[in-house]
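I have placed the structure first, in the form of structure tokens, so that the comments after it can refer back to it.
Read-outs: derived from the displayed coordinates by stated rules, not from any lab. Fair warning: this is a prediction, and the values are worked out from it, not measured in the lab. We place every Cβ from the backbone using ideal geometry, glycine too, and count neighbours over all the protein chains shown.
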Amino acid sequence: MKDGYWRYYETHINCDWCGALTRGRVYKGRTDVSCGSCDKQLKELTKKEYTIKKRLREKGRLDS
């Protein structure tokens, strides 16, 4: 985890709010995915989604 967040999407997507390219950020202690440019919420993670992504990240299978 760098700068207190980890990336959610493996490739860039367009933000629904501002149109900027983003990989989505999940900040430490939060369960929503936010745009890196405008900080608007893109997606709310379920507990299951959050747990799966966290475990993959800890095993080094996801970029931080």
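Here the peptides 16-26, 42-52 are ranked by packing, the mean other Cβ count within 10 Å, and the order with the highest first is 16-26, 42-52. Over the residues of the chain, the helix contribution to mean residue ellipticity at 222 nm works out to -6000 deg cm²/dmol, using -39500 (n - 2.57) for each DSSP H run of at least 4. Considering only alpha-carbon pairs that sit under 8 angstrom and 6 or more positions apart, the relative contact order computed for the chain is 28 percent.
In plain terms, the chain from GLU58 to SER37 could stretch by 5.0 nm, reckoned as 0.36 nm per residue minus the Cα-Cα distance.
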